[in-house]
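Here the structure is laid out as structure tokens; the discussion comes afterwards.
The numbers here are math on the coordinates, done by the rules we state, and not lab data. Only a predicted model underlies this, so the values are computations on that prediction, with no experimental measurement involved. Here Cβ is always computed from backbone atoms with ideal geometry, including for glycine, and neighbour counts include all displayed protein chains.
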């Protein structure tokens, strides 16, 4: 059975959980060391085939964080050149997609899951996402839908495959200002008052140092509302609750 983590999954007030995912590791981006030093378990999404892909994945793992593949996928708007090497684009054959997905998984040490880098065009493409999710299933990876498209076919396909999947519920830093990141951190805290689980995504890179500073300040506040966990933890927690029911 496929498992989706959403606000509809109900937990006791004392059993709230929050998973913070940080994207765009793998290219020596700003905020890398600061983010990895945060005193909570993180899920670290590492892009394949870049200058610090292996180093960032190994360092995250050594610090006790969870590692997933941050697979570059074609967006509805933008240039393919922005995606970096090994990107999944709409013009690829099935064989090439499978090859690229597996090479990406092999390139990121300790990866236990996958999410999309950009990808609004690909996550709404049934043919391509079917292939990607099949390869995740073969390799024992879960999938996190970053929700860059409201037309995502991930839920439907993951359910059909029985693949564990999750959905992002909030971005910290889609705008690069400190004031916006603080606003989103406050929104996360507010949502945790009425929501038993939250998944939120931030980034290293342009706003990485700002995101790290804000998250460091908000860690004690978030901990008052919920227990910080990895995405794998959320899947296990939810599976146990289903078993109890």
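Here are some notes:
- Estimated D of segment 110-167 in µm² per second, where Rh is the Kirkwood radius over Cα pairs and Stokes-Einstein applies at 25 °C, 0.890 mPa s: 222 µm²/s
- Taking 33, 168, 15 in turn, the Gaussian network model of the chain (Cα-Cα springs below 10 Å) assigns the largest fluctuation to 15.
- Computed over the chain, the per-residue total of -39500 (n - 2.57) for DSSP H runs of n ≥ 4 gives a 222 nm mean residue ellipticity of -12500 deg cm²/dmol, rounded to 500.
- Förster radius 30 Å - calculated FRET efficiency between residue 103 and residue 150 (Cβ-Cβ, nearest 0.05): 0.50
- Spherically averaged projected area of the chain from its Cα convex hull (nm²): 12.1 nm²
- Distance between the 7 Å Cα→Cβ label points at residue 224 and residue 54: 4.5 nm.
- FRET efficiency estimate (nearest 0.05) - Cβ-Cβ, residue 61 to residue 216, R0 30 angstrom: 0.90
- Subtracting the Cα-Cα distance of residue 80 and residue 96 from their residue separation scaled by 0.36 nm leaves 4.1 nm.
- Normalised by 2.2 N^0.38 Å, where N is the number of residues, the alpha-carbon radius of gyration of segment 75-125 equals 1.15.
- Treating each Cα of segment 48-175 as one equal point scatterer and applying the Debye formula with no solvent, the log10 of I(q)/I(0) at q = 0.16 Å⁻¹ comes out as -0.77.
- When the chain is treated as a GNM with alpha-carbon contacts under 10 Å, the residue of 152, 179, 232 showing the greatest mean-square fluctuation is 179.
- Mean separation of Cα pairs under 8 Å and 6 or more residues apart, divided by the residue count, gives the chain a relative contact order of 31 percent.
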